[in-house]
Structure formats: C-alpha cells, structure tokens
Amino acid sequence: ALGIKKQMNSDWSVAITGISGPTGGSPTKPVGTVCFAVCGPNFEITAQQLFQGDRTAIQSQAADYAASLLLSSLN
C-alpha cells in the first residue's frame, strides 16, 4: 500500500493479498486468509482476516472489509 501510494502520488491507498482458493492454502495459511494494508497521510494500518466460503465469497468479503477499513481510517 505504501509503494502504490508513493508511485501514484496519492493521499490514500489500500492493498489486499491473500488466498481465496480453491487451492493454495496450508495449515498455517488456510484458504480464506486475507491481509490488508491502508496508508494515508502519516498513517499506516494492517489487518488480517479469515473468511469462509468459495473463491467468489471470499473475494467479496475481502473487498467489503477493505472498504470498511478505509472508511474507518478516514474517520
């Protein structure tokens, strides 16, 4: 998130990475593990969540969570 914020010369950025399946999970990082970062002016936060469902459901939940994390960071 910090890299894209600098590259795009923006005030805020959001980054998401994770394992939405159906393969790629492991015992320590199961399918549904998603990591988030939000960067703003003098502000950085990271979070990790474990979502349930198929690939589409996990991606949808991750997008919703990222939007919520950004909105709460703006406040």
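Any read-out appearing in this document is the output of simple, stated calculations on the displayed coordinates, not a laboratory observation. The shown structure was predicted, so the numbers you read here are calculated from the model rather than taken from an experiment. Please note: Cβ atoms are built from the backbone with ideal geometry, for glycine as well, and neighbour counts cover all protein chains shown.
Applying a threshold of 7 Å to beta carbon distances and a minimum spacing of six or more residues, or different chains, the list of pairs starting in the stretch 59-75 at a residue that is farther than 14 Å from residue 37 by Cβ and ending at one that is outside any helix (DSSP H, G or I) and of a type in the set (A, V, I, L, M, F, W, C) reads 61/51.
For the stretch 11-61, filtering for residues that are surrounded by 13 or more Cβ atoms within 10 Å (Cβ to Cβ) and of a type in the set (S, T, N, Q) leaves 7.
Taking the stretch 1-56 as the range and being among the acidic types (Asp, Glu) and not in a loop (DSSP other than H, G, I, E, B) as the test, only 44 passes.
When residues in the stretch 1-35 are screened for being in contact with a helix residue (DSSP H, G or I) (Cβ under 9 Å, 6 or more places away or on another chain) and free of Cβ contacts under 8 Å to residues at least 12 places away in the same chain, 1 of them pass.
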